[in-house]
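K.L.:
Dumping the structure here so I can ask a few things about it.
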Amino acid sequence: DLFASVNFEDRSGLDELNAQYERAGLRVLARQPKPKRVKPMCDCCGVKTGKSKCTICSSVYYCGRECQKRDWKNGHKAACAG
């Protein structure tokens, strides 16, 4: 049994569990680095990081109030409500 010999309460058993996974041909996920989180860009200007989302559809990001207002007037209002 793959798990019978591992004491899960003892964190030092993690290396042994990973070794057993590798011997069984399984991929050890704990050793892979976490992917970096991609920050959304402003859907209006595309330059700055989007800090807020449209509260209606939550599908577009804005860097600030000015871009949100500009995008709303330039067509997001129709696309969001439609």
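Rule-based calculations on the coordinates, nothing more; no lab input. No experiment lies behind these values; they were computed from the predicted model shown. Here the Cβ positions follow ideal geometry from the backbone for every residue, glycine too, while neighbour counts run over all protein chains shown.
K.L.:
Filter K48/K77; K48/K69; K53/K73 down to the pairs with a C-alpha to C-alpha distance above 19 Å, please.
P.N.:
Distance filter (> 19 Å) returns K48/K77.
K.L.:
If you don't mind, another one. Give the peptides 41-48, 61-68 in descending order of average Cβ contacts within 10 Å, highest first. Display every interim value, and only then the final one.
P.N.:
Values: 41-48: 15.4, 61-68: 17.8.
Going from most to least packed, we get 61-68, 41-48.
K.L.:
Quick one: which of 51-59, 14-22 comes out on top by average Cβ neighbours within 10 Å, and what's the full order, highest first?
P.N.:
Peptide ranking by packing, descending: 14-22, 51-59.
K.L.:
Let me ask something else about it. Measure off 7 Å from each Cα along the Cα-to-Cβ vector at C57 and K36, then give the distance between these two points in nanometres to one decimal.
P.N.:
My value for the distance between the label points is 2.9 nm.
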